[in-house]
Amino acid sequence: MINYISTRDPSHKVTSSKAILSGQAPDGGLYIPEDPESIRCDYHDIISGDFRSMAKAVWNIFFPEYGEERISELVERSYLNKFSSPAITPVVSVGDDYILELYHGPTSAFKDVALSALPNLLTAAREMNDFTDEIMILTATSGDTGSAALCGFGGVPGTRIVVFYPHGGVSETQRLQMVTAPGDNASACAIRGNFDDAQTSVKALFRAIPHPVSGVSLSSANSINIGRLVPQVVYYFSAYSQLLKAGKINDGDKIDFVVPTGNFGDIMAGWFALKMGLPVGKLICASNRNDVLTEFLETGHYDRRREFHKTTSPSMDILVSSNLERLLYYVCGAEHTREYMKALSECGEYTITESELSEIRSIFKGVCASDDEGAAAIRSVFDAEHYLMDTHTSIAWACKEKLGSSDAAATVVLSTASPYKFSRAVLEALGEELMESDEANMNRVFEVTGAPVPEGLAGIFSREIRSRDVIDIAEMKDYVIAKSK
Ligand SMILES: *Cc1c(COP(=O)(O)O)cnc(C)c1O
């Protein structure tokens with residue numbers, strides 16, 4: 001059976017269901033499989049079936065404690081009829097390269113892949129550990145995570161969810177996605193403050209009221225939970241399988257993945273796929289103007305003491321990429337990881353050793369691109385290929401172009417959002433005039449490009465608004481207590 005350990009203390013060991021239930025280790029570290037060899041397998045055993053059978057195979061390897069029967073049930077519940085593409089994560093051919101579309105879930109962003117799964121893994125973990133409390137999920141969001149989490153947890157028995165977002169700080173589309181989300185156990189609430197205020201206050205609430213009322217305990221849906229990371233490993237296998245079946249690669253060929261990165265969760269899932277035995281060449285970490293990871297992967301120096309830039313790819317506007325800690329553990333060991341994380345929180349920087357850097361660089365490569373370079377990519381790919389990318393995918397595409405040719409048999413760019421989620425920036429990139437409202441911008445993108453509008457987004461402007469709550473930061477605690485009753 002696989003043990004999960006804390007990245008800061010390998011002697012702290014828990015089962016997979018406990019790791020999923022607690023989210024983060026008590027010492028502040030993240031849970032990871034103790035021995036990466038324990039997840040090694042023959043990739044042929046995984047890639048033969050469809051997405052759901054690949055998900056079952058991958059989850060069984062990481063979470064054997066759940067048992068095959070339960071995993072099969074959980075995977076069906078997570079993915080049956082929730083995604084608008086039968087392949088769940090289809091690969092499309094664009095020019096000489098490929099795009100892995102991860103946004104066909106209910107909220108049109110890649111976080112749906114993991115947040116469709118996490119509530120099911122969590123409620124099963126609750127049963128397996130005879131945990132009787134209801135789980136109250138608290139999330140602060142700058143946009144995308146909130147709607148995917150509301151949608152994933154909405155209506156799931158044994159759970160409730162409250163999402164806090166900055167009042168006036170998210171797009172009209174993102175706000176409507178949250179305030180129209182169904183589910184009697186789900187609430188979205190605007191706070192008078194910015195995203196950092198929301199995030200800091202939510203963290204404080206975890207310490208202040210771990211049990212807001214009796215029989216309810218707080219938990220989090222953010223990407224440090226291993227139950228959110230493992231479901232993302234699946235689409236790397238899915239991409240390989242699709243390219244192989246289409247005759248685009250030969251069995252055993254290595255492929256490169258270009259990943260639009262923020263919190264390093266998505267690309268870390270790619271590293272796990274590689275460790276499992278999938279033939280992966282390079283994992284290319286694409287960043288926007290917030291290029292802290294580009295510098296780190298170039299020099300080994302991580303430095304968050306820099307200006308924070310608001311970009312047109314907001315889900316990648318991150319200076320502390322939490323999931324990098326998982327990679328650090330495997331490459332640098334617990335002692336160095338502890339030192340580096342301490343230095344990061346106390347001084348805002350750390351530097352890994354030469355040999356650690358060269359090990360990381362044997363697999364990862366960091367590249368960054370500006371908003372303008374991303375916009376140019378949206379326009380040129382649309383003009384040449386009639387394929388429309390969103391602002392995050394286009395950063396990854398621009399990074400791939402900067403790198404030039406590769407030894408890999410194929411290069412796959414991960415596409416993390418529907419272009420309709422970011423209609424305004426996409427219209428601007430196409431050189432079109434902007435309309436007044438998000439709804440008009442969305443319609444205009446359709447008129448100009450003919451790209452199909454995702455079902456989940458098309459309806460949000462006419463759906464019933466279920467929450468108009470706007471509160472002060474000081475009121476958050478009482479709000480959570482009220483929603484726990
Ligand atoms: C969250 C997100 C990302 C970044 O993913 P990480 O796992 O945080 O690296 C990229 N693009 C979009 C659209 C996202 O929502």
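Counting only protein heavy atoms and using a 1.4 Å probe, what share of the accessible area of region 14-154 belongs to carbon plus sulfur, as a whole percent?
Details: 2220 of 4850 Å².
Accessible surface attributable to carbon and sulfur in region 14-154 totals 46 percent.
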Those GluC sites (Glu not before Pro) from region 398-456 that are DSSP loop and have at most 10 other Cβ neighbours within 10 Å turn out to be E433, E436
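State the percentage of accessible surface on region 380-485 attributable to carbon and sulfur atoms; use a 1.4 Å probe and exclude ligands, DNA and RNA. Mind dumping the intermediate values first?
On the way: 2330 of 5230 Å².
Answer for region 380-485: carbon and sulfur cover 45 percent of the accessible area.
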Rounded to two decimals, the Rg over Rh value of region 107-238 from Cα coordinates and the Kirkwood Rh reads 0.96
The answer for trypsin sites (Lys or Arg not before Pro) in region 398-477 that fall in a DSSP coil and have at most 12 neighbouring Cβ atoms within 10 Å is R468
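Would you kindly state how much longer the chain becomes between D184 and A384 on full extension, computed as 0.36 nm times their sequence separation minus their alpha carbon distance, in nm to one decimal?
Working: separation 200, 0.36 × 200 = 72.00 nm, distance 4.62 nm.
Taking 0.36 nm per residue and subtracting the Cα distance, the gain is 67.4 nm.
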Of all DSSP beta bridges with both partners in the chain, the antiparallel percent, nearest 5, is 30
Rounded to a whole %, the carbon-and-sulfur portion of the accessible area of region 283-364 at a 1.4 Å probe is 47
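How much length would be gained if the chain were fully extended between H211 and E433, taking 0.36 nm per residue of separation minus their Cα-Cα distance, in nm to one decimal? Don't skip to the end; give the middle numbers.
Details: separation 222, 0.36 × 222 = 79.92 nm, distance 5.03 nm.
Here the answer is 74.9 nm.
Just to confirm, what accessible area per residue do you get for region 390-461 at 1.4 Å probe, in whole Å²? Before the final figure, lay out the partial values.
Working: 2990 Å² over 72 residues.
Per residue, region 390-461 has an accessible area of 42 Å².
Accessible area per residue of region 113-198 at 1.4 Å probe, in Å²? Kindly include the intermediate steps, with their values, before the conclusion.
Working: 2500 Å² over 86 residues.
Heavy-atom accessible area per residue stands at 29 Å².
So for region 375-485, what are the equivalent ellipsoid semi-axes in whole Å, largest first, each being the square root of 5 times an eigenvalue of the Cα gyration tensor? Let's see the in-between values first.
Numbers: eigenvalues 248, 86, 32 Å².
Output for region 375-485: semi-axes of 35, 21, 13 Å.
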Measure of exposure for H309: accessible area at 1.4 Å probe, Å² rounded to 10, is 30
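Under DSSP H, which helices of the chain have Cα atoms covering 24 Å or more of the helix axis and a Kyte-Doolittle average no less than -1.0?
Values: long enough: 226-245 (30 Å, 0.51).
Both cut-offs are met by 226-245.
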Note on region 23-169: alpha-carbon gyration tensor, axes a ≥ b ≥ c; rule is a/c under 1.5 for rounded, else prolate if a/b larger than b/c, else oblate; result oblate
With T = 4 °C, eta = 1.567 mPa s and Kirkwood Rh from C-alpha pairs, the Stokes-Einstein D of the chain in µm²/s is about 57
CD proxy, 222 nm, the chain: helix-only mean residue ellipticity via -39,500 (n - 2.57) per DSSP H run with n ≥ 4, per residue, nearest 500, stands at -13500 deg cm²/dmol
Placing each pseudo-label 7 Å from Cα in the direction of the beta carbon, K485 and D96 end up separated by a distance in nanometres of 6.5
Computed over region 241-325, protein heavy atoms only, probe 1.4 angstrom, the accessible area per residue in square angstrom equals 34
The local net charge around T416, scoring Lys/Arg +1 and Asp/Glu -1 for residues other than T416 whose Cβ lies under 13 Å from its Cβ, equals -3
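The values are calculated or read from the model by the stated rules, or taken from the named source; none is laboratory data. Since this is a predicted model, take the numbers as computed values, not measurements. Cβ coordinates were reconstructed from backbone atoms using ideal geometry, including for glycine residues, and neighbour counts include every protein chain displayed. Side chains are part of the model used for accessible areas, which takes the heavy atoms of the whole protein and leaves out ligands, DNA and RNA. Shrake-Rupley method; radii C 1.70, N 1.55, O 1.52, S 1.80 Å.
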